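Data first, discussion second: the structure below is written as structure tokens.
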Amino acid sequence: MNGGTQEFGTLLRRFRTDRLLTIQGLAQASGVSVRGIGDLERGRRAAPQRRTVAALAAGLGLDADECDRLFAAAREDRSRPSAPLSVRTFPRGIEDFVGRRYELLTLAGLAAEAAGPGSPAGPARAGASPTVVAVSAPPGMGKTALALQAARVLADRFPDGQMVLDLRGTDDDPPPATEIMLHVLKAFHVADTEIVEAGATGQAGLYEKLLLDRRCLLILDNARDEAQVAPLLPRRGRSMCLVTSRKVLTALEGVHRMSLRELSPQEAITFLGGMIGEERARREASALSEVASRCGYLPLALRIAGSRLATRTGWTVRRLADRLAVDKRRLDVLVAGDRKVSTAFDLSYQQLTPDAATLFRRLSAVPGPDAGAACAAHLLGRDLPSAEDVLEELVEAGLLDIIGDRFRMHDLLRLYAHSRLEAEEGEDGAEAVRTGLYRWLLDTTVVAGRWFEPGHGAPSPSYQGLVDLSSTALSRQWLRSQGINWLAALRAAADAGDHAVVVEVAESLHWFSDQWIFWGHWPEVFRMAADSAETLGDDAARARHLNYCAWTLIVCERRPADSLPISTEAHAVATRAADVAQQAWAHFYQGWAYRNLNQLVRGTEHFGRAAALFASADDVHGSLQARHGQSHILLLRKDAAAALTSFEETLVFLEAAGAAVEPHIAAATRIGVASGVGRSLALLGRWEEAIARMRAVVRHCAERGDTAAESRHLVHLAEVLIAAGRGDEAREALHACVTLAPGADPQRIADARALLLRLREGQ
């Protein structure tokens, strides 16, 4: 803070208090504004020009000696044209700044480019361009704290001044750019006469010339929009301007952009620990971690929670953690004095258009962390282009994050949005929004899932849904991206007793589940459906879903022994229902379980029974799978010749069935058969043929995007390469396996790592 200005302000305050005058009284006596006098006394603006000093002296009734002292203090300040600005003030709490290391390093790098070599102040280089950084983030994310920390860290690079200006963008009537310019001009001691002569039209020129000749750091905090901030951005010179806003300010050109996210869990815990003391934080580490999580790692919420704990030393951290655990009360708990998380959110919400406010509220009904444009269109009752426009408004307002083609809302914003939904549309209205969304999710799930079901396939030509489900790839993508959402809707349907809906949805997902084996929720999906079928008294449906449950335990959970009671029950229920096909599937899953348990005789027996029953039921898909299962039994017995023949016969059956087999089932079976043929050839020592087959299998899996199958067959390829004595190529296959994207078979990843270790130890 400038010494002369502080002396002038101190002297002015002393003269005023000696005369028992309030600031309002002096303002009335002198004609100088209350705000102006307050800023002068606190050192927040430069000492005024002579006529303002004279007005203050007259209002105070100073004698000649006192007048001389006041004028001398003002002259001293004005005699320092290159002195740092007087507005380098920082709010309390900046000292406990935590995190944002990457952002500060980025800003430091940009500042170094802006200020240029050396530190002395001086005129700008010819053609020099200022650096402008736009920092955007949702409310409460700590934009201002970052800006103030940056001002401190970078101050030495900008010796001609560092100014922090609050643009009050969330106010009903924020200051226009001309008012901000005038404030900057006065702070830099531009003479009042020069400002008056320039007039309103010439102020921008004075402002531009001022910044051209100096190296300054301007923090334009809390900008409302581009119209407010664009005139304040310098066009030439070596200054740096850091703009913070809740909005993205998309229309600003030629700026560096930075968006803030939540603090990391560790940063949040460190921040809280600094507020409540290390010993207390260490003593209740688990509860403190819960508090940080319930605050969504949002800096404003963390500061409020930390303040509550710091001022309530008799509280345990667990007490606050438990209060925050109740969703409906969380925002009410996050209050400390006049600080409220909900107030910060109010300011952004109140600036939304009616459509955007409606969508913001209704997005709180989405059960998962994100949603797409189709979901938004359903919630608004609009077409996709209209919904996308409204979503963009919410993104621009900082109330939604965009990740690819998905839109995500912070947890605390979601709670706030739900409170607005209930307040403005009523509890019944909120429930209607949720029920309608869940119905839409389940209807879309059925259409997408049936792409993979024999006898269904593509949606009917009359389908007019909001989601493009015109291919298996698009359907697969939607089902995966919306898994959390439609699963929540399915659970709600089960809880509400909509058992027919639960069964229908699960039915539509049976063959799709092969496309997403390691999702983790298939046992729950098919168990819910089996229970719903039992309630409906539908034995045939119950048998089907018990069989599906058995499959999940064998393949998804790797618990073949636990699957046997389920498939046995499925067989009994199917027998009672006289459902031959489900009796066959029960035997098939028992054969699969026994095969995985290495009880090959029993596995062969059940696969044989399944094959016979499938044939009698004219079930082509079941017959194909039974043949495939029998072939694998022969492979495990190391009866290479018989296995090779069986796999080839399975392929002949598949080709003869033609269009009777669903394309994706046919493709997956061809891959499985090709792998079986390759491994059979390896047992026969026909290495080149075997390796070529296995490499083709891996390639086809990758082309289909079937990461689970790719991981499985990469391990099989490596095993064949090891047996062939080609260790280097085996290592390549195993490394490819362990570096696969999510969706790979975790057991195969573990197998690949174990084989790599074996190969290293064998060197």
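Rule-based calculations on the coordinates, nothing more; no lab input. These figures come from a predicted structure and were not determined experimentally. Cβ coordinates were reconstructed from backbone atoms using ideal geometry, including for glycine residues, and neighbour counts include every protein chain displayed.
Tabulated data for the structure shown
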| quantity | calculated |
| --- | --- |
| The chain: angle of helix 143-154 to the longest principal axis, Cα-based, in degrees nearest 10 | 60 degrees |
| Relative contact order (%) - the stretch 289-431, alpha-carbon pairs under 8 angstrom, separation at least six | 22 percent |
| Estimated distance in nm for a label pair at Arg75 and Ala724, the labels positioned 7 Å out from Cα along Cα-to-Cβ | 9.7 nm |
| Extended-chain gain in nm, criterion 0.36 nm per residue less alpha-carbon gap, Thr739 and Asp65 | 234.4 nm |
| Overall dimensions of the stretch 94-259 as given by Cα atoms, namely Rg and Dmax in Å | 15.3, 47 |
| Sites Glu279 and Ser33, calculated FRET efficiency, Cβ-Cβ separation with R0 41 Å, nearest 0.05 | 0.25 |
| Ala112-Arg329 pseudo-label distance in nm [points 7 Å out on the Cα-to-Cβ vector] | 5.1 nm |
| Relative pair counts by distance (%), Cα atoms of the stretch 624-742, 10 Å bins | 15, 44, 34, 8, 0 |
| Helix axis angle, 472-481 relative to the chain longest principal axis, alpha carbon, degrees | 60 degrees |
| Förster radius 35 Å - calculated FRET efficiency between Asp468 and Thr435 (Cβ-Cβ, nearest 0.05) | 0.90 |
| Two-site label geometry, Glu649 and Ala54: point separation in nm, points 7 Å out along Cα→Cβ | 11.5 nm |
| Full-stretch length increase - Ala750, Ala696 - with 0.36 nm per residue and alpha-carbon distance subtracted | 17.1 nm |
| Using alpha-carbon coordinates, inclination of helix 539-551 to the longest axis of the chain, degrees | 70 degrees |
| Using a Förster distance of 56 Å, the FRET efficiency for Ala230-Glu557 (Cβ separation, nearest 0.05) | 0.45 |
| Values of log10 I(q)/I(0), in the order q = 0.05 Å⁻¹, for the chain under a Debye, Cα-only, solvent-free model | -0.42 |
| Volume per residue that the Cα convex hull of the stretch 249-308 spans, once the total is divided by residue count, Å³ | 89 Å³ |
| Trypsin sites (Lys or Arg not before Pro) lying in DSSP loop within the stretch 311-342, provided at most 13 other Cβ fall within 10 Å | Arg312 |
| Along each principal axis, Cα extent of the stretch 329-377, largest first, Å | 41, 25, 12 |
| Distance violations [Cα-Cα > 22 Å] among Lys143/Lys186; Lys143/Lys209; Lys143/Lys340 | Lys143/Lys186; Lys143/Lys209 |
| Debye intensity ratio in log₁₀ form over the Cα atoms of the stretch 265-344, taken at each q of 0.13, 0.18, 0.24 Å⁻¹ | -0.31, -0.62, -1.15 |
| Size-normalised alpha-carbon gyration radius of the stretch 474-761, reference 2.2 N^0.38 Å | 1.03 |
| Mean separation of Cα contacts under 8 Å, 6 or more apart, over the residue count of the chain: relative contact order % | 7 percent |
| Rounded Å value of the spacing that divides the Cα centres of the stretch 560-626 and the stretch 347-408 | 48 Å |
| Additional length obtainable on full extension of the chain from Asp96 to Leu757, 0.36 nm per residue less Cα span | 233.3 nm |
